[in-house]
Amino acid sequence: MVHNILIDNGSSTDILFIKPFEQMNLDRRTLELAGNSLFGFGGKKIDALGKKAIPVSFVEGKKVDTETITFDIVNMDYPYTAIFGRGVLNKFEIVIKQSYLCMKMPSPFGIITVHRDQAASRQIEGNPILGYILINEVAKKPPTEETNNEKAIEPRAEATEDTQKAPLSKLVPEKCMHIGSDLIKEENDNLLVFLRGNQDIFAWSAKDLQAVSRELAQHNPNVAKGAKPRKQKLRKMSSERAEAKPK
C-alpha cells in the first residue's frame, strides 16, 4: 500500500521515487536504461536511475483493477512517494473531477472511486523538504527599447564565419550548399567530394520527399483487438441558450 501519491495530468511520465522503491524490496539491478532526462522539478534536470515495469492496483471494497505501469525511478527527496502522470491516467481510463476532489475509473467489477485526502495534501504542501520549490519562478524579459512606437527588432542568428556557395552539380548550378570560406584547400575539396557523392539525400522541394519505408518506422495504435468504439453522450443545449443562438 503506497500513500501520498501526486496525480498530475500534466506529467508525461510516471515517476516512483527511490525510497518507496527500496521499501518494496525491489532490486536496482533489474532496472532498464532510462534514456531521456526529466525536467520540471523546480526547473532542474534530473537523470533517472532507470525504468521499471511494476503492477499497480486500485481497490475499493471488492472492486479492483490492475495494470502494469512503467515508472522512471528517481533518486531524490520529494514530498510525494510517486507521481502518476498521463501514462497511469490513460492506462486505467481515469476521469478526474476537480470540484469533488476525486477520480473514477472502470473495472471488471464496477466503477472505482478514489477520493483525495485534503488534510494529507495540506500537510505535504505546507512542510516541503529542503530545496523543494512549490512554484516555479518565471523570469520576466527586460523591456525592449521602442522607437517611434515600434518594437525593437531582435538580432537574428548569423553564421560565426564567412561562407561561400558551392554547387553540388555543374548541370544544376542553382542547387548550392553553403560551406566555410576559411577552409584550407584540402578540407574544402574533401568536403565537396563528400557532399556531391551524397547529394541524393538532400530534398530541394516537396517533390523530392519520399515516403518512409514501413521497415524503418511504423505507427501502430495501442488498441486491444475486439475493443468496441465508445460514443460520447449527446450534449444538449439549454432552451435559453438555444433561443439566444443566432441562426
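Students often check this: by mean Cβ neighbours within 10 Å, which of 111-124, 221-234, 201-214 ranks highest, and how do the rest follow?
On the way: 111-124: 12.7, 221-234: 5.6, 201-214: 8.2.
Put in order of decreasing packing, that is 111-124, 201-214, 221-234.
How far apart, in nm, are the 7 Å Cα→Cβ label points at V95 and D208?
It works out to 5.2 nm between the two label points.
Measure out, as a whole number of angstrom, how far apart the alpha-carbon centroids of the stretch 23-55 and the stretch 215-240 sit.
31 Å
Counting pairs on different chains as well as pairs 8 or more places apart, how many Lys pairs in the stretch 195-247 have Cα atoms under 25 Å apart?
On the way: K225/K233; K228/K236; K233/K245; K233/K247; K236/K245; K236/K247.
Going through the stretch 195-247 pair by pair, I get 6.
A short reminder: the numbers here are calculations on the coordinates, not readings from a lab. Remember, predicted model here, so these are calculated numbers, not experimental data. Reconstructed Cβ throughout: ideal geometry from the backbone, glycine too, with neighbour counts over all protein chains shown.
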